[in-house]
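Colleague: I have a structure I would like to understand better, so I am pasting it below and will then ask my questions one at a time.
Coordinate-derived values only; no laboratory data. Everything numeric here is computed off the predicted structure, so don't read it as measured data.
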Amino acid sequence: MLVLLEIPCRCTVEFDVCDRRPLDNLYEQAKARLGDEYAWDTAYIAGRHGLSASEAMESLDTPWLSLRGRILGGKGGFGSQLRSQGSRTGTKPNDFDDCRDLYGRRLRTLKEAKSIVEKLETDEKTREDAAERRRKKIAEGLREKPAKKHRFDDSEYSRNCEEIV
């Protein structure tokens, strides 16, 4: 039986295997032909397009299989690292200035433009108020003030002056 085997370097190699135990025979032939180039203790043969190797061997005239390697687990602890990192950065961001609106403009530039317009409006109002205060002050300074009448109502002083005269 002719079998095509795709190896990890994206090459396809052709093998002629026996009909009794084709997968075992294919594994032995691949190991002999490819040598110690692969980690054979973690390698396995799988079918392509979601089929298992045995399904591919039974259903197809010329099965096309692939040689794959298992990824061994590490020391672990990655989940706990993620959990601890999440607790450090658990606060949600309040700064959305780098986001964009539906027109593609940055929110930061819109806020800056709005603050500049508000500042200009308040500056105009303060200028107008200052000019009005100056006008009032000038008008008040130009207005003639009535002469002050001084009243002298000290009766004791008046008596003393009369006695002296």
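Colleague: In the chain, how does Rg compare with the Kirkwood Rh, expressed as the Rg/Rh ratio over alpha carbon atoms?
Modeller: Ratio value, two decimals: 1.81.
Colleague: How much length would be gained if the chain were fully extended between CYS99 and GLU144, taking 0.36 nm per residue of separation minus their Cα-Cα distance, in nm to one decimal?
Modeller: Once the chain is fully extended between CYS99 and GLU144, it gains 9.9 nm.
Colleague: Please report the projected area of the stretch 104-163's Cα convex hull averaged over all directions, in nm².
Modeller: The orientation-averaged projected area of the Cα hull of the stretch 104-163 comes to 8.2 nm².
Colleague: Also, I was wondering about something else. Ignoring everything except DSSP H segments at least 4 long, calculate the 222 nm mean residue ellipticity for the chain; use -39,500 (n - 2.57) per segment, divide by total residues, nearest 500.
Modeller: That calculation yields -15500 deg cm²/dmol at 222 nm.
Colleague: Quick one: the Cα spread of the stretch 6-83 along its three principal axes, in angstroms, biggest first?
Modeller: Projected onto its principal axes, the Cα set of the stretch 6-83 covers 51, 28, 23 Å.
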